[in-house]
Every structure is written in C-alpha cells, then in structure tokens.
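**Student:** Before we start, here is the structure in question, set down as structure tokens.
Only the coordinates and a few stated rules stand behind these numbers; no lab work does. Owing to the predicted nature of the structure, the values given are computational and were not obtained by experimental measurement. Backbone-built Cβ (ideal geometry, glycine too); neighbour counts: all protein chains shown.
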Amino acid sequence: MSRIPDETTSALGAHLYELVAELTPAMRSITGNGVRRTLATVRRALDPAVPLTVREIPTDTPVLDWTVPKEWNVREAWLAGPDGQRILDVADHPLHLVNYSAPTYTRLALPDLAPHLHSLPDRPDWVPYRTSYYRETWGFCLPDRQRRALAEGEYQVHIDTTLTDGSLTFAEILLPGSGPLEFLLTTHVCHPGMANDNASGIAMATLLAGALADRPRRLTYRILFIPGTIGAITWLAHNRHAVEQVEHGLVLTGLGDRGQPTYKRSRRGDAVIDRAATRALKETDRPHHVVDFSPYGYDERQFCSPGFNLPVGRFGRSQHGEYPEYHTSADNMDLVTPESLGDSFAIIMRTIEICERDRTWTNTSPFGEPQLGRRGLYRSIGATLGRDAVEMGLLWVLNLADGTNSMLDIAERADLPFDTVADAADALAAVGLLT
Amino acid sequence: MSRIPDETTSALGAHLYELVAELTPAMRSITGNGVRRTLATVRRALDPAVPLTVREIPTDTPVLDWTVPKEWNVREAWLAGPDGQRILDVADHPLHLVNYSAPTYTRLALPDLAPHLHSLPDRPDWVPYRTSYYRETWGFCLPDRQRRALAEGEYQVHIDTTLTDGSLTFAEILLPGSGPLEFLLTTHVCHPGMANDNASGIAMATLLAGALADRPRRLTYRILFIPGTIGAITWLAHNRHAVEQVEHGLVLTGLGDRGQPTYKRSRRGDAVIDRAATRALKETDRPHHVVDFSPYGYDERQFCSPGFNLPVGRFGRSQHGEYPEYHTSADNMDLVTPESLGDSFAIIMRTIEICERDRTWTNTSPFGEPQLGRRGLYRSIGATLGRDAVEMGLLWVLNLADGTNSMLDIAERADLPFDTVADAADALAAVGLLT
Amino acid sequence: MSRIPDETTSALGAHLYELVAELTPAMRSITGNGVRRTLATVRRALDPAVPLTVREIPTDTPVLDWTVPKEWNVREAWLAGPDGQRILDVADHPLHLVNYSAPTYTRLALPDLAPHLHSLPDRPDWVPYRTSYYRETWGFCLPDRQRRALAEGEYQVHIDTTLTDGSLTFAEILLPGSGPLEFLLTTHVCHPGMANDNASGIAMATLLAGALADRPRRLTYRILFIPGTIGAITWLAHNRHAVEQVEHGLVLTGLGDRGQPTYKRSRRGDAVIDRAATRALKETDRPHHVVDFSPYGYDERQFCSPGFNLPVGRFGRSQHGEYPEYHTSADNMDLVTPESLGDSFAIIMRTIEICERDRTWTNTSPFGEPQLGRRGLYRSIGATLGRDAVEMGLLWVLNLADGTNSMLDIAERADLPFDTVADAADALAAVGLLT
C-alpha cells in the first residue's frame, strides 16, 4: 500500500459526497426497513465481487445484558392542526417523528400535546433528533419557531407505525488477509435523515471496503454496518470468536464536516491503533486532535467495555455534541464537504497502512554495525549524513531492531516518518540483515 | 460521611480557636507534667464516651535506637540582674527557659552568662524556642533588644528544675471501625507556649476524635498525642503490631495560621493518603500546596523511616521554618484564626472521607454496557449528556471497574469529582452491577 | 578523588593545547604509519610508568561483519597543472588527498580530472575531508576558489601510495582498579590534520590516563586509541570478555572548540554514565547540552549496537556536523582553546568521580531515625536546619538508603549536590549506620 495521491483523494471525496447525498434522506432506526434499504444502497455502491452479508436477529433474542427489541416501521406519521392542515409530516423529514414512536391515533388539545413536542429554543429553525427505543411513547420534533406559533385548539395525531416481533438487521463485509488477525471497521446505520451523522460513516465504510478489496492484505478486514449500541451489542454477542482476533479497530462517524480530523483513543490508550492513528495524523502536518478515551460517544462504548477492552478507537472530525448542528436537521449536505470526506478517507487509509506495515524485526548482525557499503546500502565517499538521509533510516532500524521494537516504536524514537523506517526495514530485510 | 456544611465548619473553627487558646500557654516538654496537664485538657474537651488512654514509659526504656530520657519538670526558673531584679521568668513565658535546662543555681558575670542566652537579632522583639534534650546544659531565651540592653555586672541564675528517673507520657484514642485497617492521626504535645505549633494540632486531633467517634467507620482510627521524635519512636517501638495495620496516616501540625493549606506526601509518594489529600485539596478549588516528602520536618520522619515506610503524610498550613513566627513567641493567638482552623478541619475530614469511600469494585456485567434504562438509571428520551451528568459517573465506573481501578483511580482518569464517582458506584452496587 | 581546583584546570588546559598542537598535523588514516606515529607521540607524552600496549591486527582478519582492510601509506601525492607546477601537495596539508586514494600516476584533461576533485562551494577557502576506504578510487580535495580557477589543459596526477597487506594498529592503556568493573574511555586516531576532530580527543585521553594512573581507583580504566568504526569493530571482535566488564564508558571527541559541553546519552538512556554525566554538567551551573542517543556519530554507534548495547555515552562540545569547520581544514588550532580543553577535562573527571563514588548503601538502623546526636553527627541545641545543612545530607541518606537507592538516586530525589550525599554516606558508614 502506498500513499494516496492528491488527485485520487479528490476524486474519492467527490464520490463519497455523492454517496452521502444518496444515503442521507432515509428514515432509519435501530430496526426495520430503513436499515434494510440503507444496506441495499451500500450493496449497489459496492463492486459485485465484494461480499456483503446481511444478518437478521429475531426480536427477543438475548444479547449480552440486553434483548433484541421489537422491530419498528413507519407507514406514515403526521400531525394536523385545529384547522385540519397537516403541520408536521414524517414524509417531509424523518426527524419530525420521535424515533420508535408507538402507533397512535388521537385528537388532543394543545396543552395535552405539548409534552409530546420537542424543539430547540436556542436553535429556533432546526428540528432536533429524539428517540425513545426502550420506553413506549410517541412524539414529534419541530422547529421552536413553529412550536411557539402553534394555535390553541384540537390537534390530530396520526402515527401509523408498527412495533412488532421482527428482527434487528446488520451487515458485514469480510475481506480475508494473509494472516488471521483482524482490523475491525464499524459504522452505525440507525440515524435517520442526517448527512454527517451518519450517512458519512456509511459511505466511508462502503468505499473503504472497495479500496481494501483491491489491495494485498496482511490483516483480515471486517467492516460492520450496525445499528448503534444494540447493534454493537448484538454483533458482540454473536461473535465472541471473532472478537479474539481483533488486533485493531476504528469506529467511523462524522467524517464529512469542516472540523479538524479527530482520533479518540481506545480504552487501552496505547494500542497499536492508537499510535498508528496518532502518527497518521501527525504526518499530515495539519491541525488535528487526538483525545483520550471516555465511555461516552458511539460504539467504542461497547467495543471498549471492560470485558472486551478491544483496541478500537474512533475516527471522525468535529466531536459529537460539540458542533451545534449535531443531532438536528441542520446536519445536512451543507454541513459536509467533498474535501473533508476525501481527507478523512486518506487519513483512515494511512492509519490502516501503518497497521499493515508495523511489525517487529530482529537485526541478524547485531554486534557492531554491519558493513552496509558492501551491500550497496551506503554511499562510498564518506561525508556527513543529513537528518533525512535514507541511511539514517537504515541505521535506526539496525540499532533498534532487537526484537523488542516495532516499526512504530522506531519511528517514534527516531522521530522519522513511518515510511522512512518501514522502507529501510524492507531494504535491510531484502539483504538478509533483518529477520 | 457527607461534605461538611459551611456553618458547621465555621462553628468548628470557633470551637477550635477556643481550645487552642486554652492549650497554648502551658510549659510542655518531651516528658513531664506539662504533657500530663495538656492531656488532661484534651480529656476534658472530649465527650466522656471517647476513650483516651494515657501511657507512661519509664526512663531508660530502650526504644528503637534511642532510650527514654529522664523526666524533666520545672518548679521555677528566673534570671535576676545585677540590681537583683528578675529580668526573665519562665512564669511569664515558657520559652524563656531553654527546654530541658538542668537545675542550676549560680551567679556569674555577663560575659560568662552570654553563651547561655539565645535571641534573634533579626527579630529583636521575639523570644526564640530552644531545646537541649540530649546534652545537659541550661540557658535562657529573650528578645534581642533586651539582650543588647543587658548591663555589666553579676547575674543570678535560678533554674529550679528536676531531671530525674520518671517516664515519658503519651496518649492514644482508638476508635474501632468495621474493618481491621487503621488510619493513624498524630500530633506532637511537646512544644510549650506556642499556638500554631502545636496547640493547633492538639486541638485539631481532639475535635477530630470527637467527630470520628460519632460516625460509622470502615477504618479504625488511632489518634496519638505524642512528644515529637522520641514520642513517635517510643510509640513505634511499642506498637510493631499496630504498625502493620496502618493503611493511611496524617501528621497534624500548624493548622491555624493564615497560610495556604499544605499537604506533604509520604515517602511512598503515591499512597492512597497522598492521592486522597491531593484530591481533597484540589476539590476545594482554592490555592493550596502539595509538596514532596523530605526526611525533615515533624514525626513523618519517624513514620516514614525506611524500616517502617508507612503511608503517612503531613497536613498543615504554612510550612515549618518558612514563616518568621515559627518557633518563636510570635507564634501566639494572633497568628491563628478560627477560619483557618475550620478550613483545616474540613479538609482533613474530606481526606478521611475519601479514604473511607475509596475501594475497588468489579463490574458484574462487563461485556458491553449493561442496560441502565431498565434499571431506572438512564433517561428514557435519548439526548446528549453533559460532562457533569450523573450518567457520566455511571458510565465511567462501569467502564473502569474491572477490579484494578479504585474510586480514586476512576475519579482521576475521568476527571470527575470523587463523590460523583463514589455515588455512582453506590447506585450501581445497589442494583447489583458492581461487586 | 576530589574536585579539581581551577588553577589545575587552567594548567591542564594549557598542557592539552600544546599536545593538540603537536598531534594535529599528522597524515592519519584507519591504518598505516600515521596511526603508529600518533601513538608514539602519545607514548612520549605519558609518564613512562603508564602502560600503553600497541596492537597490530593483520589485513583480512575477520572482525564481526567486517574484515580488516589493506594497510594504506602515503609516500607522496601531488597534482601538477598544465604548466607543470604542483598546485596541490599532501605535504602541505593531509586533507588534500582523498584518504585511502589508490596509487595513481596519470595525466588527464580537466574534464576527466573533475570527478576526482572535492571542494565546498559554500566555504570557498576551506579544504574538505574526504575518504574512500572501501571502494578503490583516488581524488584530491581543495578550496573551491582554487578549483574554480583551474585552467584547461592536461594535469599530472602523482599519488605515490601503497595499499597492501599489512595491519590495523590501535593501542590501549589498562589501569586496574580495586574491583573488576571497567570504565571504557575511547577516542579515534584516524582523522588527519584536524585539531578538534580529533587531536583534541587523543590529547584528552592521554592526559586522562596520566591523571587516573595517579589516583586510587575502584574501577578499572581501559583507554582505547582506535581508528573510527573499523577500529572499534576490531577491538570489540577481539575483546568479547572485556566487553562484559564494561560498567561505564565515554567516547571522547571534539573537546576543544568554543561550543557548550555536550553529553550524548547511551542507547540505554538511563545508565549510570548517563546520569553521572548529566549531573556533572548540571553541577557546573553553566549552559550545556544533554542529547539523546542516535545511531549516527562516532564509535558509540558500535559500542551501542544492539548486540553489545554498552552503557557508553559520548562527551564533547559542539556536535559533529553542526559547526561549519567540522571535517574541513578550518578545524585547526584557531578553533580550539585551552579554556575549553581544560573545562572538558574537568567535566570528564567529575563524571568519573561520580561513577567512582556511586554505590548503594543500606541503613543498618532503618526503624525510626537513629540518634545522630550521641554519634556526634547532629547539633546539640535544637534549631531549624537550612536546606544546605550537612545534616540534610545525613537525613536523606538514612531515609533512602534502603538497598534500592544509589548515591545518584538520592542526590536526584533530594536535589542535593552529589558530594553532599556521598560525603554524608561516608560519615554514616564511618559510624556503622550504613553497610
């Protein structure tokens, strides 16, 4: 794997942006046909040779401490005002309906309706995203400006949803590598109608799968499209064996906004994925954030629960909850850009590349320096080496390759680019000086 | 145990101040009736139900590398000038006599007297505190202004002390807890006539004993009133078994001056007491000092000697030797304030509370997050959590409670108030999610 | 060993400067008579009682991954211009000839000569130092100003060198100590015609040998005069047993320029030599550098190769490659000063002294403080100790001498001068309180 040329990144950014636009509008939830339609879009966007397996786990299946909930589907849902006009309709925007609203057909006066309405007083034009998965209720979300203008009178609630035994749907793509260790890439497919969170994650995982399918792989890649929380828990419950093979992992979400790229460390804090992502970001020479693990956020909460404690970090741009558009109708195609999407793709691929190339070599000639000159690896007229000379990589690798230092360790101690070190190791291995 | 309300702290400060005023004037030393009278004052200040045991260890008893010295008592001691007038009298201030001065009745000219006089040229109005426990001599301490004005002529020395076989006196209060581990609180009772050093320590230990006697206790509290150095050595020599139970400890001294609260770490540096005191101070959100251990100061020198190496820190305000009034007659009731005394009390109690509550729990449902919603521990309508939400404490505790992290560890890593973490753990334990 | 008085340092600086001046001009290389003549100068500069052993290792001897090269000697070497005048002559400056130039007698036009000429365009008046040990070629080095002025026409190359089976020459001085552990001091003897690099190193090692021969020694000192790289490799190949005894080591080079003293850490980074040199520099209270190990530089590359990983650092002043005169004819007697040479000597001796005195004692009376007063080690009238009091050293040593802390550990934790700590330990050992 090599660095991705800028033109490729740019073309990928445009491609990602299109796919985000296609994925954004759907009404999704943690179960139901919205997820299935989303996975069908993913399937269409992939090369037919890439294997996408869709799984259905029945309602009431015990999964770790939880059980798979009833399946929820929406036929139609609207609120009509005293004058009979529909003032909110889920057909206009999926966020208008509180996600998992129970079927409800009623008429009630404004004061009785009020507890079922959700808006954002400090963002009067935006519709918030609200859910009630585990307590049966119903509600509508609307701009605060509209809410404040509601007239007294009787309102008609028409929520034609189903909440029935069914299943929870998720998908995975498995791309075998030459070795058994796995790199887990996961993204959540439950958020409706929002571009950055998380059409961007779904599009990114899809195009990463395509790119990884086309390359030689030391690691096996497992790419999950799962509903948040319950989907991660369901997958973990059904994949105890796969979990043991997870050597690296990334949760992908919020990859298209204009914020700086951000890596959130795994619970371990110093896993290879933590160091690889940090280095990939550092070597961009552009502003970025690396933040510590916390048990709040996305599915890293589950992968990094103490029983699993997987080396899974999270990559995205602006942090959830720290940009105003987060979890509102303002998370739309204006919030995301092809440039940010392409940049995120490049950083993720670079992180993957470092994980692929990171290994621990041993110098076969550790007593004194081996004579590099007779192996064609050292200039013949003696003069001073610059800090960036190829020979510096060779000397650092020979010096530190004592079986305890990985390529990442050496790059960090030598303060050299990872590729300088990894290329030096390849050159030394080619002449038998590393094993 | 809960946080101490401000009005309680204020009342305690006033109470402490009164007791300091009562304790200050006495002539004390490392042995003798001054200590016994001081312990009698402590006894009167305590609720009769609190057990205070007074011990007498005979002169010449071997204690570690030392032996218990002769007992010293003062009947009267004065210096009269050439005109026969008494110019210094221990009845006026106990610091006028070099502590442990041998009985001396003589007349001598000023030049011969001079080596026996001690004053502070740079503090001409203050009387210094001087001792000579282990070399038999005698002397007087006086303001430098007075010393410089002494007329030539013959002076009369009348030091009517006794230095005889007797005993060393100390006291302890034992407040059993529900478990065997001990919290050691010690203060020195040998310093005569000074308010901050150490009437404040004696008063503080007395009122802490009262407060602790009234509360449920996981730990056993052992509160020592001991002469400095030789008292600590004597106690250690006679309590080898108790020493093994010491899980936390604080040396208390200099608790009433206007300086910032200061914690001096134990020799270990990272014992629970070190972290608990640091956190208690940090959570005051007010200026304070935490300083490293050094083998100089008060009885932490003995408790932290390498053979014992106990987790015993020291709490006080201005550091000994770093305020001009230290070890002089200016260490009087003007130097101490009810506010500082009350504040010191609150910080010590808070440190104790953290030690009481610090423990290591294990998540009983470590694979994925347990479903908090069905246990009534998580809000039902999904929205973003603030950093200070109660749920944050729950998530952090669940994530880190893997049997290796204590409440202090979790509070430090999560950067949450200790009580948020400890309260979350109590809530989780109540529903069986921690063991 | 005690601190070196300033007047001694000054006299030593003058003495070193004279010896550098005597050593600088020689044509040296990694083999041949230049090295032998240099070692003869060293021999003459030493007291006859100091044993200097010269070794000759035959050409083609396998040494680690290398073989000893052919021996190179120069009879004469010059370049004559189209007018028959000699324009470059190695007799004028040894840098004019590319080191290890093969015997060559030819005439050729300027364009054909050009690839064999080396100069420094940005330093037009200086002659660079160039070598070609392991590829048979030839060449001349000259000021760029002169090179640019060369006329068209035919030039005569007369390089009367020999490159034949012979041997590689090095020398060592062994000064046995009372114990088996060794302190290795090494310097390279292959650089021709330059004062700082490395006549200064050769002179320094010579005078250090003299100073060390005159002192009691706990450590055994082995002082090597070796050609760079191949000499270190040859010595390592022939001294596998000695290597195991190396407890500390310093590579000495570039000791006379006006730059700040600089210590480069061993590969281990925290060996006693690393801490001793750092402390010696810190206690000078003058600007200095301590830099991390890198596998580029001088013979620390070999001593710190992963198979040996010896605790060998490097001491000098300006770093190689970071001053413009490095490896040019401008590295002459104007670049070095007696003051810098004397200062380097004092710092090295101080580093050695710390290594000599560093040891780990155990307090024989670890329970409580031992009573220092009755052993005459503590003032009798109690008053406050200053931070610098002798007693502070005693208290720190007693507190930390638990069998795990060396004198260096204690000096670092107590932030006291090394000698305060080591002197305190001597005093305590004298009364049986340390073992």
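**Student:** Could you work out the relative contact order of region B:43-116? I mean the mean sequence separation of Cα pairs under 8 Å and 6+ apart, divided by the number of residues, in percent.
**Tutor:** With pairs under 8 Å counted, the relative contact order is 13 percent.
**Student:** Additional query: I need the per residue convex hull volume for the protein assembly as shown, using only the alpha carbons, in cubic angstrom as a whole number.
**Tutor:** 236
**Student:** May I pose another question? Helix B:33-45 sits at what angle to the longest principal axis of chain B, using alpha carbons and giving 0 to 90 degrees rounded to 10?
**Tutor:** The two axes meet at around 40 degrees.
**Student:** On a C-alpha basis, how far is the centre of region C:65-84 from the centre of region A:397-435 in Å? Whole number, if you could?
**Tutor:** 37
**Student:** When only Cα pairs under 8 Å and 6 or more residues apart are kept, what is the percent relative contact order across chain A?
**Tutor:** After rounding, I find 18 percent.
**Student:** Given the rule -39500 (n - 2.57) for each run of at least 4 DSSP H residues, summed and divided by the residues of chain B, what is its mean residue ellipticity at 222 nm, to the nearest 500 deg cm²/dmol?
**Tutor:** Counting only the DSSP helices, I get -9000 deg cm²/dmol.
**Student:** Right, here's the next one. Distances from residue B:180 to the same residue in each other copy, label points 7 Å out along Cα→Cβ, in nm, shortest first?
**Tutor:** Values, ascending and in nm: 4.6, 4.6.
**Student:** So, one more: Using alpha carbon coordinates only, what is the Rg to Rh ratio of region B:120-211, with Rh defined as the Kirkwood radius?
**Tutor:** So for region B:120-211, dividing Rg by the Kirkwood Rh gives 1.13.
**Student:** Related question: Using the 7 Å Cα-to-Cβ label point, sort the distances from residue A:86 to its equivalents in the other copies shortest first and give them in nm to one decimal.
**Tutor:** 10.6, 10.6
**Student:** Follow-up question, since we're still on this one. If you count the DSSP beta bridges with both ends in the protein assembly as shown, what percent of them are antiparallel, to the nearest 5?
**Tutor:** 65
**Student:** Could you run the Debye sum over the Cα atoms of region C:275-341, one equal point scatterer each and no solvent, and tell me log10 of I(q)/I(0) at q = 0.16, 0.19 Å⁻¹, two decimals?
**Tutor:** Treating every Cα as an identical point scatterer, log10 I(q)/I(0) equals -0.73, -0.96.
**Student:** Let me ask you something else. What whole-number distance in Å separates the alpha-carbon centres of region A:184-229 and region C:242-264?
**Tutor:** First find each Cα centre; the distance between them is then 55 Å.
**Student:** Still on this structure: Give me the mean projected area, in nm² to one decimal, of the convex hull enclosing the Cα positions of region C:35-167.
**Tutor:** That works out to 10.4 nm², a quarter of the Cα hull's surface.
**Student:** Taking the rotation that carries C onto A, look along its axis and tell me which residue of C has the beta carbon nearest to it, distance in whole angstrom.
**Tutor:** That would be C:270, 12.
**Student:** Here's something else I'd like to know. Could you give, in nm with one decimal, how far residue A:339 is from each other copy of that position, shortest first, with labels 7 Å out from Cα toward Cβ?
**Tutor:** 5.5, 5.5
**Student:** Still on this structure, please answer the following. Determine which lysines satisfy two conditions relative to residue A:264: a Cα distance under 29 Å, and not lying fewer than 8 residues away in the same chain.
**Tutor:** Answer for residue A:264, where 29 Å is the Cα cut-off: A:282, B:282, listed by chain and number.
**Student:** Next question. Which order do the peptides C:359-365, A:12-18 take when ranked by the mean count of other beta-carbon atoms within 10 Å per residue, highest first?
**Tutor:** A:12-18, C:359-365
**Student:** Here's another thing I want to ask about it. State the percent of C-alpha pairs, over all pairs in chain C, separated by a distance greater than 34 angstrom.
**Tutor:** So the portion of pairs separated by more than 34 Å is 39 percent.
**Student:** With springs only between Cα atoms under 10 Å, which of A:390, A:20, A:68 fluctuates most in a Gaussian network model of chain A?
**Tutor:** Of A:390, A:20, A:68, the Gaussian network model singles out A:390 as fluctuating most.
**Student:** Within 10 Å of each Cβ in A:228-235, how many Cβ atoms from other chains are there, averaged over the peptide?
**Tutor:** The per-residue average across the peptide is 2.
**Student:** Another question, if that's okay. What number do you get for region A:299-435 when its Cα radius of gyration is normalised by 2.2 N^0.38 Å, N = residues?
**Tutor:** For region A:299-435, the normalised Cα radius of gyration comes out at 1.49.
**Student:** Related question: Could you pull out every residue, at least 5 positions away or on a different chain, whose amide H is within less than 5 Å of the one on residue A:107? Hs are placed 1.01 Å off N in the peptide plane, and Pro or chain starts have none.
**Tutor:** Counting only residues 5 or more places away or on other chains, the set is A:157.
**Student:** On average, how many beta carbons from a partner chain sit within 10 Å of the beta carbon of a residue in B:359-370?
**Tutor:** Mean shielding count: 5.
**Student:** Another question, then. Cα atoms only: what Rg and Dmax, in Å, come out for region C:250-365?
**Tutor:** Using the Cα atoms of region C:250-365, the pair Rg, Dmax is 15.4, 63 Å.
**Student:** In degrees, nearest 10, range 0 to 90: what is the angle between the Cα axis of helix C:272-282 and the longest Cα principal axis of chain C?
**Tutor:** In chain C, helix C:272-282 runs at an angle near 90 degrees to the longest axis.
**Student:** Which whole-angstrom value gives the distance between the alpha carbon centres of region A:315-332 and region C:265-331?
**Tutor:** Using only Cα atoms, the two centres lie 51 Å from each other.
**Student:** Once you average over the residues of C:61-67, how many Cβ atoms of partner chains fall within 10 Å of each Cβ?
**Tutor:** 4
**Student:** Expressed as an acute angle from 0 to 90° and rounded to the nearest 10, what is the orientation of the C-alpha long axis of helix A:390-400 relative to the principal long axis of chain A?
**Tutor:** Around 90 degrees separate the two axes.
**Student:** Quote the relative contact order of region B:39-189 in percent (integer), defining contacts as alpha-carbon pairs under 8 Å separated by 6+ residues.
**Tutor:** Relative contact order here is 34 percent.
**Student:** DSSP loop trypsin sites (Lys or Arg not before Pro) in region C:268-308 with at most 16 other Cβ atoms within 10 Å of their Cβ, which ones?
**Tutor:** Passing sites in region C:268-308 are C:268.
**Student:** Report Rg/Rh for region A:245-301, rounded to two decimals, where Rg is the Cα radius of gyration and Rh the Kirkwood radius.
**Tutor:** For region A:245-301, the value is 0.94.
**Student:** Follow-up question, since we're still on this one. Which of these, A:217, A:413, A:43, has the largest mean-square fluctuation under a Gaussian network model of chain A (Cα springs below 10 Å)?
**Tutor:** A:413
**Student:** Please list log₁₀ I(q)/I(0) at q = 0.23 Å⁻¹ for region C:182-280, using the Debye equation with identical point scatterers on the alpha-carbon positions.
**Tutor:** Values, matching the q order: -1.47.
**Student:** Then there's this: Only Cα pairs within less than 10 Å get springs; with that Gaussian network setup on chain B, which residue of B:29, B:406, B:101 has the largest fluctuation?
**Tutor:** Highest fluctuation among the options: B:406.
**Student:** Rounded to two decimals, what ratio of Rg to Rh does region C:1-110 give with C-alpha atoms and a Kirkwood Rh?
**Tutor:** Answer for region C:1-110: 1.11.
**Student:** Cα atoms only: what Rg and Dmax, in Å, come out for region B:1-58?
**Tutor:** Here Rg and the maximum Cα pair distance are 14.6, 45 Å.
**Student:** So which trypsin sites (Lys or Arg not before Pro) in region C:116-177 are both in a DSSP loop and have at most 14 other Cβ atoms within 10 Å of their Cβ?
**Tutor:** Sparse-neighbourhood loop trypsin sites (Lys or Arg not before Pro): C:135.
**Student:** Provide the net charge surrounding residue A:297, with neighbours chosen by a C-beta distance below 10 Å and charges set as Lys +1, Arg +1, Asp -1, Glu -1.
**Tutor:** So the surrounding residues net to +1.
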